[in-house]
Amino acid sequence: MSATALSTGEVVVHRARPAMGLTLLLLAQVVGASGYVLTHLDIDGHLPRAWPYVLVAWFAVGVATHLVVRWRLPYADPVLLPATFLLVGVGLGMVHRIDLISEPARTDAQTQAIWVLLGIVAAIAVMVLVRDYHVLRRFPYVLFLVGLALLLLPLTPLGVELNGSRIWIRFFGYSFQPAEVAKLVLSLAFAGYLADTKDVLAMAGPRVLGLTLPRARDLGPIAVMWVASMLVLIYQKDLGTSMLFFGLFVAMVYVATGRSSWVVLGALLFAAGGWFAYQKFAYVDVRVSSWLHPFSNFDKNYQVIQAQFGFAYGGLLGRGWGMGRPGLTPLAKSDFITAAIGEELGIVGLVAVILVYALIVARGLRTALSCTEPFGKLLSAGLSLVFALQVFAIIGGVTRLLPLTGLTTPFMSQGGSSMVANWLVLAVMLLVSHDARRPTVVREAAGDVASLSADATQVITVRNPQPRRPEVRTATSPSLPLDEEPSAVAEEEDAEATAPFVMPGTEATAPLGTQDSTATRPVERQDNTATGRVPTHDSRGTAPVATQAEQPTGVRPPEPGRAPRTDPDEPTQVHRFEEDE
Amino acid sequence: MNASIRRTAVVASILFLALLVNVSIVQLWRQSSLSADNRNRRVLDAEFAQNRGAILAGDTQIATTTPIKDRFRYQRSYPQGSLYATVTGWYAYDFGRSGLEAKYSTELAGTASNQTIDRLVDLFTGATPVGATIQTTINPKLQQVAAQQLSGKKGAVVALDPKTGAILAMVSTPTYDPNTLATHDLAAARAAWTALNADPAKPLSDRATREIYPPGSTFKLVTAAAALESGMTPDTLLNTPSQLTLPNSSSVLGNESNCGNTQQTMDRALQLSCNTAFANLGATLGADKIRAQAKKFGFDSTPMTDINAAKSQFPSKADAAQTMLSAIGQYDVAASPLQMAMVAAAICNDGVLKTPYLVSEVRSPDLRVLYRHGPDDKQAMSAASAQALQQMMVNVVQKGTGTKAQVGGVVVGGKTGTAQTDPTKNPYAWFVSFAKNPDIAIAVFIEDANVDRTDIAGGALAGPIAKAIIQASR
């Protein structure tokens, strides 16, 4: 973004897209619903008597959740909720399908459905009660301590060892995986902490081997996290959880500072700790050999081997709902639910599920990109990355890409704590995305803009831009180095030109949004392909104003006098990036 | 900050890409080995739930599959299980499979590579895949007669068509009912399995093809064949002392019939089954010649491929005494009834040994022929020597130890044998024979012949069984 763009200030405004959101949601819910229907047709040959109620309840919950999001967070990312409901539906369907193996059928799916409901209620509570997610920024150190305590809770007498890992606690008869909640709490803590200190952490320390290291005095937090994750690795015996939290911290420090030396440092520290554990603790060796040579000990690695047999049995297209043998794999409902999916829905189905996870991560990172202030950026990026790492660790473990870990598969695994925690994560992601995508001008003339916006994005000409949220800036980032801004902007431009990351998520290329716009506004599509940020007089060559003039229908040209944005004398708030950096 | 977010996004996409690539690797590279793993219950169960093809003997279904309402959906059943158990083998959930059920498992299940098209068609038409039908060479009538003749005895019968190698009858007794192992009542199957394995009579042993025994005097046919092939004639005189002290040994070999104490022609020595004559003949020929002849008849090699038949053996090294004993079918010589039937068949077929086979055709459900047996033969001995030996065997039945096998108006040749490996146990009784027009070669073996140790006694016990089968074959 150049200086001229800052002065002219054309802004791409995200549009609230209720119809697309609802359509996507219903489509996504159909996947889970058809899993339920097909399971019964394949196993029993007929539907159970309760099927209309089950399906009506399922779609009603989805639509109700959608309506709450529409009410509270109308600009929230329209893809996140459908993607989540797709995963929840497939997960519930698979748990139910495995229930039916037992004679008489178990009712774990009902219990799980209640947990889904509780998760949704918790998410709605967050959406309704947290009017501004910035309140979550206030107590980073308290949250940090709470998160660490949660993470290390299984080491107390409350903890129980399950399947070789001590990452669960048992509490009044209920099992609970505190890492799931710690995931959210620590993301909040890191985001708050790093939003305040990122500039300090970015300061250069000594140069070693061509790498500018952080200053020694700034190494405290990473040392604490390293010790905590080593405790998890050694005493909780879970590589996945350890990697998850240390990776989360290092990734967020990198996002905050842009200094790759933090990543190198973190990787070296973790590798050193891992190597030490491999040398010192027999269990690591066992895990590694189970990973590399599972068939050398059939009985000991029964679970992983059965998962492999399941994948092979499922083949490319899967056996079909109810027609595989997922019951032969122990823990097929929880840790190994992706093995059950691979068996019955095939490699194709498993790839689809992985891509839905990737979609959620992509939308989260997209939110981080378009968010205008550091806390929201860090929070959204952190939650997305921890989600990505978790999916990578668990699915990688089940498919033998990594040593097996005890993490849950988000939104799919049987288990209440994980389900509720992930719904809370989703709620926070929706909050941030709503705030990030909300066009500021809409505050003044919401109805007007809504009527204007017949398309995915809209180009609005404004002048005299001002930072949208100056109060945040003064309150929390007092010492902004003045020379930081131009360099950051230049970096941004580079990344824009070369970024290979065009995962599904760019607004204008979203599948449903393109349908109506292709015929009428190809030029605008071109302009907006890369991001939802301000299109400028850039290399793509088409001036935004010209684009507007070419539009035959749909977006009306700005009408003088109706909206403040066209008034040359009145200062207008503008939605743009980097303003806080 | 956006630049670093974009870079972490690249890392996140690499993580997801790694998952996708790895999942594809599981599918592309590991699937076949995973599916072939015999601990893979999914594959075993799926195959157990197949609509397996039938096994036929003539027009008789000896193994078939019927729909059943349980988790496997199809029940394998054997309509005359005990009669054909040696042929069909069993097909059990927990205890694997044997016989044709093992060798033709993929064809019966419809999963063999040459049935791929059928599977694809089934996939798209939604039809339940049906396995191929196995047509055996077994003649139900001969099989029944052989089983009747052996009932109450421990033994085996193998009958071959010398002109083709087709196995016409294959019986091992005592036998078992494969239905008891194939049942979906897995506890009952386990109980049956335990009982069958605990049975001292070893009903699960296939005495016809998978066990080898000392062939005793029936092996003199091989020694005689070697002699004829090396230029001797049936009239060649052999030294036949009443007793023969083995070289470098104190062991004394005697005769069990009255062979005199001088010389006998080879023809007469075979009729009377003179041990000393054939021991001397063996010493004259040497172990190598006898071994070479035995190999031509199929010793030391896998006799056939349709079932896992055992290799019969002739000792690879033998000193003078061991050669003499080997020449009369003792010491380390061991043969299956199938092998001895092959010897008789090759002699009967003018020296041409047809490789035995049990499966003549494999047909897909739409009657397309997936496999048809092709002829496979080799010359075991010259036609002239074989014809001379045929006459010698006919003489055994006419005026020697095999008179019990005479069938009026039919040219029958044979050779009796008894063999004892353990003095405390009853000897083995053998009768190896052929009949002409139509040709048939038969080996009868009785493991626990409760008679005294003479060839006449063995012939008296096993000969009538051969006779009954020859009569039934015309």
Filter the range B:103-134 for residues that are of a type in the set (V, I, T) and not in a loop (DSSP other than H, G, I, E, B); which is modelled with the lowest pLDDT? B:T125
Check A:T338 against each of (1) at the interface with chain B (Cβ under 10 Å from one of its Cβ atoms); (2) hydroxyl-bearing (S, T, Y); (3) part of a loop (DSSP other than H, G, I, E, B) and name the one condition it does not meet. (3)
Given the structure, is B:L100 farther than 15 Å from B:E47 by Cα and not in a helix (DSSP H, G or I)? no
Is it the case that A:G310 is modelled with pLDDT under 85 and either more than 30 Å from A:A223 (Cβ to Cβ) or touching a helix residue (DSSP H, G or I) at 6+ places or on another chain (Cβ under 6 Å) (or both)? no
With surrounded by 15 or more Cβ atoms within 10 Å (Cβ to Cβ), out of contact with any Leu (no Cβ under 8 Å at 6 or more places or on another chain) and under 30 Å from A:N297 (Cβ atoms) as the only criterion, which of B:Q31, B:Q27 stands out? B:Q31
The residue from B:A147, B:A159, B:A208, B:A201 that alone is among the hydrophobic types (A, V, I, L, M, F, W, C), part of a loop (DSSP other than H, G, I, E, B) and closer than 19 Å to B:V432 by Cα is B:A208
Counting only residues in the range B:305-330 that are under 17 Å from the mean Cα position of the chain (by Cα) and crowded, with 21+ Cβ neighbours inside 10 Å, the one farthest from B:K103 (Cα to Cα) is identified as B:S312
Does any residue of the range B:446-458 turn out to be out of contact with any Phe, Trp or Tyr (no Cβ under 8 Å at 6 or more places or on another chain), surrounded by fewer than 23 Cβ atoms within 10 Å (Cβ to Cβ), in a loop (DSSP other than H, G, I, E, B) and modelled with pLDDT of 90 or more? no
Condition check: within 7 Å of chain A (Cβ to nearest Cβ) and at pLDDT below 85. Does B:R30 satisfy that? yes
Give the residues of the range B:240-259 that are crowded, with 16+ Cβ neighbours inside 10 Å and not polar (S, T, N, Q), sorted by residue number. B:P241, B:L244, B:L246, B:L253, B:E256, B:C259
Filter the range B:420-435 for residues that are over 19 Å from B:T355 (Cα atoms) and either part of a loop (DSSP other than H, G, I, E, B) or out of contact with any Ser or Thr (no Cβ under 8 Å at 6 or more places or on another chain) (or both); which is modelled with the highest pLDDT? B:P427
Leading residue by the ranking (farthest from the chain's Cα centre (by Cα)) among those in the range A:344-363 that are facing another protein chain (nearest Cβ under 8 Å) and closer than 30 Å to A:D299 by Cα: A:I347
Could you tell me whether any residue of the range A:315-326 is assigned to a helix (DSSP H, G or I), within 12 Å of chain B (Cβ to nearest Cβ) and under 17 Å from B:R30 (Cβ atoms)? no
May I ask you to verify whether A:I114 is in the same structural domain as A:G320 (by TED's automatic domain parsing), at pLDDT 90 or above and farther than 30 Å from A:A436 by Cα? yes
Residues of the range B:374-410 being farther than 19 Å from B:T218 by Cα, modelled with pLDDT of 90 or more and assigned to a loop (DSSP other than H, G, I, E, B), in sequence order, are B:S382
Flagged in the range B:244-265 as under 22 Å from B:T418 (Cα atoms), touching a residue at least 60 places away in the same chain (Cβ under 8 Å) and out of contact with any Gly (no Cβ under 8 Å at 6 or more places or on another chain), in numbering order, are B:L246, B:S251, B:L253, B:E256, B:S257
Spot the failing condition for B:P215; the list is (1) under 30 Å from B:T276 (Cα atoms); (2) in contact with a Lys or Arg (Cβ under 7 Å, 6 or more places away or on another chain), and only one is missed. (2)
Every residue in the range B:155-208 that is of a type in the set (K, R) and closer than 22 Å to B:D306 by Cβ, please. B:K163, B:R207
Quick check on this structure: which one of A:S289, A:S229 is among the polar types (S, T, N, Q), touching a helix residue (DSSP H, G or I) at 6+ places or on another chain (Cβ under 9 Å) and without any contact (Cβ under 8 Å) to a residue 24 or more places away in the chain? A:S289
Pick from the range A:364-407, criterion at the interface with chain B (Cβ under 8 Å from one of its Cβ atoms) and touching a Gly at 6+ places or on another chain (Cβ under 7 Å), ranking: surrounded by the fewest Cβ atoms within 10 Å (Cβ to Cβ): A:L389
Which of (1) at pLDDT below 85; (2) within 28 Å of A:E180 (Cβ to Cβ); (3) among the polar types (S, T, N, Q) does A:T257 not meet, given it meets every other one? (1)
Residues to consider are A:L47, A:L24; find the one that is crowded, with 18+ Cβ neighbours inside 10 Å and either aliphatic (A, V, I, L, M) or outside any helix (DSSP H, G or I) (or both). A:L24
What are the pairs with Cβ atoms under 9 angstrom where one residue, in the range B:34-55, is within 7 Å of chain A (Cβ to nearest Cβ) and crowded, with 19+ Cβ neighbours inside 10 Å and the other, located anywhere, is polar (S, T, N, Q) and assigned to a loop (DSSP other than H, G, I, E, B)? Sequence gap at least six, or different chains. B:L34/B:N40
Do we find that A:F85 is at pLDDT 95 or above, in the same structural domain as A:S417 (by TED's automatic domain parsing) and over 19 Å from the mean Cα position of the chain (by Cα) in this structure? no
Out of curiosity, is A:D77 in a helix (DSSP H, G or I) and acidic (D, E)? no
So A:I305 clears everything in (1) within 19 Å of A:G396 (Cα to Cα); (2) more than 12 Å from chain B (Cβ to nearest Cβ) except one condition, right? Which one? (2)
The range B:1-18 residues that are facing chain A (nearest Cβ under 7 Å) and closer than 18 Å to A:G376 by Cα, paired with ones that are acidic (D, E) and surrounded by fewer than 19 Cβ atoms within 10 Å (Cβ to Cβ) (beta carbon under 6 Å, 6 or more apart): B:A3/A:E491
Subset tally (residues that are touching a Leu at 6+ places or on another chain (Cβ under 7 Å) and crowded, with 24+ Cβ neighbours inside 10 Å) for the range A:248-259: 6
Restricted to the range A:260-306 and to residues being β-branched (V, I, T) and out of contact with any Leu (no Cβ under 9 Å at 6 or more places or on another chain), the residue farthest from A:L401 (Cα to Cα) is A:V263
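The values are calculated or read from the model by the stated rules, or taken from the named source; none is laboratory data. Quick caveat: nothing in here was measured; it's all calculated off a predicted structure. Backbone-built Cβ (ideal geometry, glycine too); neighbour counts: all protein chains shown.
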